[in-house]
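Step one of this worksheet: look at the structure below.
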Amino acid sequence: MPESIFPRPNAREYAPMGQREPATATVNIDEARQASSLMSENHEQSRTGVRGPDGVRERTGERTSNRPSGERRRSPARSIPPALVPRQRPRKRRRRLAVLIVAILAIGVGWWVFARNRPPLEGPITTASVERRDFASSVLATGAVRPQVGAEVRVGARISGRVAKLRANIGDPVQQGQVIAELEQADLAALVAQREAELELAQAKLSAAENLWPKEIEQAQLDLARWQASRVYAEQEFAREQTLQVSQASSQQAYEQAEERLAIARAQVASAEKAHELAAARYQEEVRQAAAEVRRAESALANTQVQLSYATIKAPIDGVIASVSTQAGETVAAGLNAPTFVTIIDLDRLQVHAFVDEVDIGRIQLGQKVRFTVDTFPDREFEGRVTTIHPKAVIQDNVVNYDVVIQLAETHAGELRPEMTASVNILLDARTDVLAIPARAVRRERGRNVVWVDEDGEAVQREIVTGWSDGPWIEVLRGLDEGQTVWLEPPPGSEF
C-alpha cells in the first residue's frame, strides 16, 4: 500500500506532498470508508496515548525499539492512499448552487417591483392643452398606375400567313397608321386581280345592255308606227266599202275583205305595242341585272382588297411599343383569337387605381381631390381627382377593398409608367377652427373614449366624443373646453 500524504500524529517526519507509489490501485467506496474510520482511530490514539509492555506511553505510528529516533520509519500499515481521502459530497454543491440562484432571482424580482412602483423621474412634458386647429381629413390607400380604357391595345393579325416584315421593337414610339408588320401578300394580290376582272366583265354587260336595248326599243317603236299606219289605211278602206255597200256599188266580197284587212291591221298594232312594251321592260331588267353584277363584283373586289389590307398591320393609336410577341418569318394562324404581334401603350393616357378599405369607402365621393406619390419620385406629389368608384369589391386574403379610379390632372409622359406603385392620399372635406387634442391622450375604456383632465392639480377621468382624426390630432366634439389641460399618459397609480 502506498504511503499516505497526510502526516501521522506527532510524527517527526512527513511524507512528501503528492508522493505516490507507482502501483497505486483503484479502490471502491467501501475501502474509502474503511480508511476514513482508520484515520479517526489513529487520531484518537494519538490524543490519549497507548502504553507498551514496559509501561511507557507510545504514540500511534511509532514503535519502541532500540533503533535511533532518526532511523524510525513510518509504519506502512498506518499510511492511507490519496485516492481514499474523503471528498466533499456533490449534493452539498448542488444545494449551495440552488440557494445562490434563488437569491439572485429574489433580488431581480425585488428590483423590478421597485422600479415599477417608484414615482416617475423628471422627463418630457406629459400634458397638453385643448386648442383650436384646422383639420384636413384624408384617406390613405395603396394603388397602381395603369392605362386608361383604350390606351393599351394589343395589335394582331386578322388573317393567317407568314410574317414577311416586322418593323417594331420594344420602346419604339409609333404614330397612328404607322406600318408595324407585313404578311406575305402574293396570294391575296392574285385574288384581287381576279376580282377586278370579274368587275370589268360585269361592267361590260351593263354597258351592252345600256347600248343595245335602247335600239331594240326604237325598232319596236318603228314597227308600231308602221302597223298603226296600216290600221289607218284599213279603217279608211273599210269605211269606203261600207258606203259602197249601202249604195250597192260594191260587192259583198270586197266589203268582207276590207273588214278583214282592218282587223288584221288592228291586231298588228296591238302586237307592235306589246313588242314595244316588252322591249322597254327587257331593257330595264337587263340593265338592272347588269348593274347588280357590277355591284357584286365591286363588293367582291372590295372584300379582297380588305383582306389584302389585313396583311399590312398598322398602329391603331399613338403610343409606345410595350411588347413584341411575333418575329419575322413565323407563320401565324388566325382563329377565334387574333394572334398578338405587339402591344402599344399610350403613356399620355394614364390613371391610378387605388384600393380603398371598406371602412373608408363610404367617405369617398366623385370629384374629390387626390395627391399621390410613386416610389420612383418619393419627393414629388402628383395630383388628380376621383372619377370612378367600382361597385364590386376586390377581395384578397379575406380583406375587402374597393377600386377607386383617379384621373391625373396633367399628363406625365416619360415619368409615370404602368404598374408603378402609388401611395394615394384622398383629401376629404376640410374643417376649420375645431377643438382638438393629441390623439395619444385618448383612451378606450368599456366602449367609451376617455381622457384624464387636470382639475385643480388633480387628474380626473372624463368621457369625450371624438370626431375627425388628422394624424397625431383628433377632434373633440363634446366633453372638453378650450384651454383645459389633458394628460398625454395616464397619471401615476391609475389603470386603464
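Nothing in this text is a laboratory measurement; each read-out follows from the coordinates by a stated rule. Since the structure is predicted, the reported quantities are computational estimates derived from the model, not experimental observations. In this analysis, Cβ positions are derived from the backbone assuming ideal geometry, glycine residues included, and neighbour counts consider all displayed protein chains.
Shown here for segment 369-461: GluC sites (Glu not before Pro) in loop regions (DSSP other than H, G, I, E, B) with at most 16 other Cβ atoms within 10 Å, namely Glu410, Glu415, Glu419.
Partner lysines whose Cα lies under 29 Å from the Cα of Lys274, excluding those fewer than 8 positions away in the same chain, are identified as Lys205, Lys215. Loop-located GluC sites (Glu not before Pro) in segment 297-367 (DSSP state not H, G, I, E or B) with no more than 16 neighbouring Cβ atoms inside 10 Å: Glu330, Glu358.
Put a dot 7 Å past the Cα of Ala280, heading toward its Cβ, do the same for Glu196, and the two dots end up 4.1 nm apart. Amide H contacts of Gly156 (H built 1.01 Å from N, in plane; Pro and chain starts excluded): Phe341 sit under 5 Å, all sequence-distant by 5 or more or on other chains.
Given a Förster distance of 41 angstrom, what is the FRET efficiency for Thr243 paired with Asn211, based on the Cβ-Cβ distance and rounded to 0.05? Walk me through the numbers before you get to the answer.
Numbers: r = 50 Å, r/R0 = 1.23.
Working from the Cβ atoms, E equals 0.25.
Here Lys369 is the anchor, and the lysines within straight C-alpha reach of less than 23 Å, apart from those fewer than 8 places off in the same chain, are Lys392.
With K and R counted +1 and D and E -1, the other residues having a Cβ less than 13 Å from that of Val139 yield a net charge of -2.
Using the Cβ atoms and a cut-off under 11 Å, what net charge is assigned to the surroundings of Val370, where Lys and Arg are +1 and Asp and Glu are -1? Walk me through the numbers on the way to the answer.
Numbers: positive: Lys369, Arg371, Arg385; negative: Glu381, Glu383.
Once positives and negatives cancel, what remains is +1.
The value of relative contact order for segment 208-339, using C-alpha pairs under 8 Å at least six residues apart, is 32 percent. Annotation for segment 226-300 versus segment 138-202: alpha-carbon center distance of 67 Å.
Just to confirm a number: summing +1 for Lys and Arg and -1 for Asp and Glu over residues other than Gln148 whose beta-carbon lies under 11 angstrom from that of Gln148, what do you get? If you can, show how the numbers build up before the last one.
Values: positive: Arg146, Arg349; negative: Glu152, Asp346, Asp348.
Net of charged neighbours comes to -1.
Figure legend: label point modelled 7 angstrom from the Cα of Thr142 along Cα→Cβ; residues of segment 350-364 with amide N under 14 Å from it are 354-357.
With the cut-off at under 19 Å, measuring from each backbone N in segment 254-282 to a point 7 Å along the Cα-to-Cβ line of Gln228 picks out 262-281.
FRET efficiency for Arg440 and Glu410, Cβ-Cβ distance as r, R0 = 45 Å, nearest 0.05? Present the calculation step by step, with values, prior to reporting the outcome.
Working: r = 39 Å, r/R0 = 0.86.
E between Arg440 and Glu410, to the nearest 0.05, is 0.70.
Assuming R0 = 30 Å, can you tell me the calculated FRET efficiency for the pair Glu489 and Leu427, based on Cβ-Cβ distance, to the nearest 0.05? Mind showing how you got there, number by number?
Numbers: r = 32 Å, r/R0 = 1.06.
It comes to 0.40.
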